[in-house]
Each structure stands twice: as C-alpha cells, then as structure tokens.
Amino acid sequence: MPPVLIGLGANLDSPAEMIRAAVERLAQDLELLAVSSLYLTEPQGGPAGQNWYHNAVALFASDLSPPRELLARLLAVEADLGRRRLEKNGPRVIDLDWLAQGGLVVEEPPDLIVPHPRLAERRFVLAPLAEVAPRWRHPLLNLTAQELLAALPAAGQELKKLGPLA
C-alpha cells in the first residue's frame, strides 16, 4: 500500500514540540518513513491576529483499513494532544490532515475527503510535501507535488523553512 501523507500544523503553546509529539504518537501505530523540515507559515483564513503556524509533512506506512480507521487514529492523536475544535480555521495546538495516499480517492463529506480538497492551493502543505515526496502525483489533477508547488502564485502564503523537525 502507498505511504500515507499527513500534514501537521500548530500555532499555540509550543508548536514545534506539538508537531514532534504528534509524529511520535502516530509512529506508535504507523511506520514512519520520512518527515519534512519544519516551516513557519502565515495563517490562512480564520480570525485576525493569530500566531504564525509551524507546519510539516510526514510519510507513514499504514495498513489501517477501511479509511475511517486512519481518520479515527488522526482524530484520537489530536484529542490526546489537547485539540479542541472551537472555531473554523482558528488557532490550534495541533492539526493533522490526511493529505493523500498514492492514488486513493475517497469522498465521504464532510470529514473524509482524500486527497485533501485544498492541498493544491496551499504552499504550507506543498513545500514540505515536495521535500519528502516530490514525485507523488495528485490522483485528480495528475500533477506531481513539485509541479503543484511551482504552479502557485509567487505572491502570498509566506513561509520560512526553519530546518529539521528532529
């Protein structure tokens, strides 16, 4: 089975530590294959005045099936780390997004859509994704992670590469 691509983000408390903790918790059930550098990114949407986000992408091997099992695991890790869903696009201690898994396409709105519906629009996802899986091909758009990143407008979605997550 192809690797699972998970997006990780946080902008409250100790964001880098929360992302590390989420990777460690997921690695208890899934085999960690790779993790991107950590990126600092400006908030996209949500309330004004939020802290900038720390973001990364991790690749895991998973045999969790059906897809709801993997989604349940992601939500459980978020809850264990203190995630509370108070407002859409609001600040959070941790956010785990199932970005993609090979050519898998799942459409069970509102909570299970793979590949992630806004993946191709987000520099804060595509930059770390292109770092760890540059040849991954979007199953609906038929473009690689590198091609999707290159297609984004040069302006907007500012981000800064901070270095290794470890």
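The values are calculated or read from the model by the stated rules, or taken from the named source; none is laboratory data. Nothing here was measured: the structure is a model prediction, and the numbers come from that model. Here Cβ is always computed from backbone atoms with ideal geometry, including for glycine, and neighbour counts include all displayed protein chains.
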Legend entry - The listed residue being within 27 Å of GLY163 (Cβ to Cβ) and crowded, with 19+ Cβ neighbours inside 10 Å, out of LEU30, LEU40: LEU30
Legend entry - Conditions (1) surrounded by fewer than 12 Cβ atoms within 10 Å (Cβ to Cβ); (2) of a type in the set (S, T, N, Q); (3) under 17 Å from the mean Cα position of the chain (by Cα); number of the one not met by ASN142: (3)
Inset, instruction - Only residues that are of a type in the set (Gly, Ala, Ser), over 28 Å from SER65 (Cβ atoms) and free of Cβ contacts under 8 Å to residues at least 40 places away in the same chain: list them for region 1-35, please. - result: SER14
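Of the residues in region 20-58, how many are β-branched (Val, Ile, Thr) and in contact with a His (Cβ under 6 Å, 6 or more places away or on another chain)?
0
Is there a residue being surrounded by 15 or more Cβ atoms within 10 Å (Cβ to Cβ), polar (S, T, N, Q) and without any contact (Cβ under 8 Å) to a residue 60 or more places away in the chain anywhere in region 52-69? Lay out the reasoning, then the answer.
Filtering region 52-69 down to residues surrounded by 15 or more Cβ atoms within 10 Å (Cβ to Cβ) leaves 52-60, 62, 64, 67.
After this cut, where a residue has to be polar (S, T, N, Q) as well, the list is 55, 62.
Subset that is without any contact (Cβ under 8 Å) to a residue 60 or more places away in the chain: none.
No - not one qualifying residue is present in region 52-69.
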Inset, instruction - Determine whether ARG84 is in a helix (DSSP H, G or I), farther than 30 Å from PRO153 by Cβ, at pLDDT below 95 and of a type outside the set (A, V, I, L, M, F, W, C). - result: no
Inset, instruction - Scan region 53-76 and give yes if some residue there is in a loop (DSSP other than H, G, I, E, B), touching a strand residue (DSSP E or B) at 6+ places or on another chain (Cβ under 7 Å) and of a type in the set (Phe, Trp, Tyr), otherwise no. - result: no
Legend entry - Test set (1) in contact (Cβ under 8 Å) with a residue 60 or more places away in the chain; (2) touching a helix residue (DSSP H, G or I) at 6+ places or on another chain (Cβ under 6 Å) - GLY103 fails condition number: (2)
Inset, instruction - Tell me which of these ALA100 doesn't satisfy, since it passes every other one: (1) in contact with a Lys or Arg (Cβ under 9 Å, 6 or more places away or on another chain); (2) part of a strand (DSSP E or B); (3) of a type in the set (Gly, Ala, Ser). - result: (1)
Inset, instruction - Specify which of the listed residues (GLU42, GLU69) is within 24 Å of LEU148 (Cα to Cα), of a type in the set (D, E, K, R), more than 14 Å from the chain's Cα centre (by Cα) and modelled with pLDDT under 95. - result: GLU42
Inset, instruction - Out of ALA133, ALA151, report the one residue that is within 21 Å of HIS54 (Cα to Cα) and either in contact (Cβ under 8 Å) with a residue 24 or more places away in the chain or not hydroxyl-bearing (Ser, Thr, Tyr) (or both). - result: ALA133
Inset, instruction - Only residues that are closer than 13 Å to HIS138 by Cα and either at pLDDT below 95 or crowded, with 18+ Cβ neighbours inside 10 Å (or both): list them for region 91-105, please. - result: LEU99, ALA100, GLN101, GLY102, GLY103, LEU104
